[in-house]
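Shown next, in structure tokens, is the structure this report addresses.
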Amino acid sequence: MYRIPLAKPDLTGNEEKYVMEAIRSSWISSLGPYVQRFEQEFAALCGTREAISVCNGTVALHLALLALDVRPGDEVLVPSLTYIATANAVRYVGAEPVFVDVDPKTWCIDPQRIEASITRRTKGVIPVHLYGHPADMDAVNHIAGVHGLWVVEDAAEAHLALYKGQPVGGLSDIATFSFYGNKAFTSGEGGAVTVNNPHLALRLRTLRGQGMDPQRRYYFPVTGYNFRLTNVACALLCAQLERRDHILSRRRHIFDAYNGLLSGVPGIGFQPVAPWAEPVQWLYSITVDEKEYGHSRDDLMRLLAEEGIETRPFFMSLHKLPPFREESSRREEHLPVTDLLSETGMNLPTFTELSDSAIESICSVIRRNAQRS
Ligand SMILES: Cc1ncc(COP(=O)(O)O)c(C=O)c1O
């Protein structure tokens, strides 16, 4: 147990009340008023025609790929700097993830590197809005349009982030979200898919519910899945969304406090923000330049852990992990920006109840150890 954990859900609003209402009403499965309410509210917030709740963000990606009819032998372009779920989902449908480097200006997929990875088998691209920062969607959509590819936004970490003033979720064919316990809005486990195209929406809903025809109960035109989310989880999400302004403003405050206290520390680098982006403040991120700072990223994580402070290293380069490295080296993938960030980046505690004094104590450990080996 850490004195200061990395993340903690904020359940101090109507969460308990709504969950109790769901329990008392006995609507605890995936039918119930909170499911519909959450789906309507989330779609409105994302500016999309529909939001479809699912049991987690991994399933959301899997469902999106099933709806787009991705098949064995297809290739899907994904950034190598992301959570493994992005690439795992591609494998679930028998396709192959092809890894693309990230842009040092956004830490998201580098649009300039996409074209070189397109082959005859490429069917689509999954830009990930990493650590709350949107990917450069106009550039990604343009390349995808030229080559006839679909685009799925992996917005698991970026609820309500804005790209050129528009919320993520409605910037491509389908977008996917996670509501895991460490996310800005959470139901413990949970996810959603957002979509504008009504045909895709129908296909997503049908596949989510065992393939049942929404107009004809117990008639199953296709093989589907049970990917539904419960009314209890949606009750939590409705309560979370009600307090979105408070949750997001607390998170902005925490980021501002870290920025102020860490600026000027030698060797500490910050998450870039593109001029067109309004990121959502998910996990505060820094990079550690060992030569300038005097300790490696891993040393700094250990020093913080000794003080009871939990941190997290950036995602490991996916193309170097056992499930993917063989195929990646066969394709001679060389992804230096991803490799550098994954070796030097770390996330600091970020949650609404994190106090100013806790932020000061975290930053004082980081400052105190600068250039002291
Ligand atoms: C970028 C990204 N994609 C997908 C997921 C998967 O979401 P979940 O953990 O809800 O399955 C996550 C993680 O939480 C994520 O960070």
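The values are calculated or read from the model by the stated rules, or taken from the named source; none is laboratory data. No experiment lies behind these values; they were computed from the predicted model shown. For neighbour counting, all protein chains shown are included, and Cβ atoms are generated from backbone atoms with ideal geometry for every residue, glycine included.
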Hey, could you check region 95-125 for residues that are acidic (Asp, Glu) and over 21 Å from Asp69 (Cβ atoms) and say which is surrounded by the most Cβ atoms within 10 Å (Cβ to Cβ)?
-> Asp101
Regarding Gly94, is this residue in contact (Cβ under 8 Å) with a residue 60 or more places away in the chain, in a loop (DSSP other than H, G, I, E, B) and either within 16 Å of the ligand (Cβ to nearest atom) or not basic (Lys, Arg) (or both)?
-> no
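Examine region 11-26 for a residue that is touching a helix residue (DSSP H, G or I) at 6+ places or on another chain (Cβ under 9 Å) and within 16 Å of the ligand (Cβ to nearest atom), and state whether such a residue exists. Explain how you work it out, then say what you get.
Of region 11-26, the ones touching a helix residue (DSSP H, G or I) at 6+ places or on another chain (Cβ under 9 Å) are 11, 13-23, 25.
Among the residues that remain, those that are also within 16 Å of the ligand (Cβ to nearest atom) are: none.
The answer is no, given that none of the residues of region 11-26 is touching a helix residue (DSSP H, G or I) at 6+ places or on another chain (Cβ under 9 Å) and within 16 Å of the ligand (Cβ to nearest atom).
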Considering only residues that are acidic (Asp, Glu) and part of a loop (DSSP other than H, G, I, E, B), look in region 314-353 and name the one that is farthest from the chain's Cα centre (by Cα).
-> Glu332
Across (1) in a helix (DSSP H, G or I); (2) among the hydrophobic types (A, V, I, L, M, F, W, C); (3) within 27 Å of Leu160 (Cα to Cα), Leu304 clears everything bar (3)
Those residues of region 299-310 which are touching a Pro at 6+ places or on another chain (Cβ under 9 Å) and more than 17 Å from Asp289 (Cα to Cα), in sequence order | Ile309, Glu310
For Cys238, indicate whether it is buried (at least 18 other Cβ atoms within 10 Å of the Cβ), touching a strand residue (DSSP E or B) at 6+ places or on another chain (Cβ under 7 Å), in the same structural domain as Thr48 (by TED's automatic domain parsing) and not in a loop (DSSP other than H, G, I, E, B).
-> no
Can you find a residue in region 125-148 that is in contact with a Lys or Arg (Cβ under 8 Å, 6 or more places away or on another chain) and assigned to a loop (DSSP other than H, G, I, E, B)?
-> no
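Test Pro349 against the criterion of being touching a Gly at 6+ places or on another chain (Cβ under 9 Å), under 27 Å from Arg250 (Cβ atoms) and either in the same structural domain as Pro266 (by TED's automatic domain parsing) or surrounded by fewer than 21 Cβ atoms within 10 Å (Cβ to Cβ) (or both), and give yes or no. Even if it seems obvious, please write down each step before you answer.
Values: touching a Gly at 6+ places or on another chain (Cβ under 9 Å): no; under 27 Å from Arg250 (Cβ atoms): yes; either in the same structural domain as Pro266 (by TED's automatic domain parsing) or surrounded by fewer than 21 Cβ atoms within 10 Å (Cβ to Cβ) (or both): yes.
Criteria not met by Pro349.
Let's see how each residue does on (1) more than 24 Å from Gly132 (Cα to Cα); (2) within 16 Å of the ligand (Cβ to nearest atom); (3) among the charged types (D, E, K, R); (4) surrounded by fewer than 22 Cβ atoms within 10 Å (Cβ to Cβ):
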| position | (1), (2), (3), (4) |
| --- | --- |
| Ser172 | no, yes, no, no |
| Val193 | no, yes, no, no |
| Leu204 | yes, no, no, no |
| Met212 | yes, no, no, yes |
| Cys234 | no, yes, no, no |
| Glu242 | no, no, yes, yes |
Index of the failed condition, Gly165 passing every other in (1) on the phi < 0 side of the Ramachandran plot; (2) away from the ligand (no atom under 16 Å from the Cβ) | (1)
With the condition kept exactly as written, say whether any residue in region 18-27 is of a type in the set (Gly, Ala, Ser), closer than 30 Å to Ser357 by Cα and in a loop (DSSP other than H, G, I, E, B).
-> no
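When region 97-128 is examined, which residues are found to be free of Cβ contacts under 8 Å to residues at least 40 places away in the same chain and closer than 17 Å to Ser172 by Cβ?
Looking only at region 97-128, we keep the residues that are free of Cβ contacts under 8 Å to residues at least 40 places away in the same chain, and these are 108-109, 111-116, 120.
Hits for region 97-128 are Cys108, Ile109, Pro111, Ile114.
Suppose we filter Glu189, Glu153 for residues that are within 12 Å of the ligand (Cβ to nearest atom), within 20 Å of Cys55 (Cα to Cα), without any contact (Cβ under 8 Å) to a residue 40 or more places away in the chain and touching a helix residue (DSSP H, G or I) at 6+ places or on another chain (Cβ under 8 Å); which single one remains? Can you show your working first?
On the way: Glu189 fails: without any contact (Cβ under 8 Å) to a residue 40 or more places away in the chain.
From the options Glu189, Glu153, the qualifying one is Glu153.
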For the subset of region 243-269 comprising residues that are among the β-branched types (Val, Ile, Thr) and part of a helix (DSSP H, G or I), which member is farthest from Glu343 (Cα to Cα)?
-> Ile247
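Is it true that some residue in region 194-208 is under 17 Å from the mean Cα position of the chain (by Cα) and assigned by TED's automatic domain parsing to the domain that holds Tyr34?
Residues of region 194-208 under 17 Å from the mean Cα position of the chain (by Cα): 194-195.
Narrowing further to those that are assigned by TED's automatic domain parsing to the domain that holds Tyr34: 194-195.
Checking region 194-208: at least one residue is under 17 Å from the mean Cα position of the chain (by Cα) and assigned by TED's automatic domain parsing to the domain that holds Tyr34.
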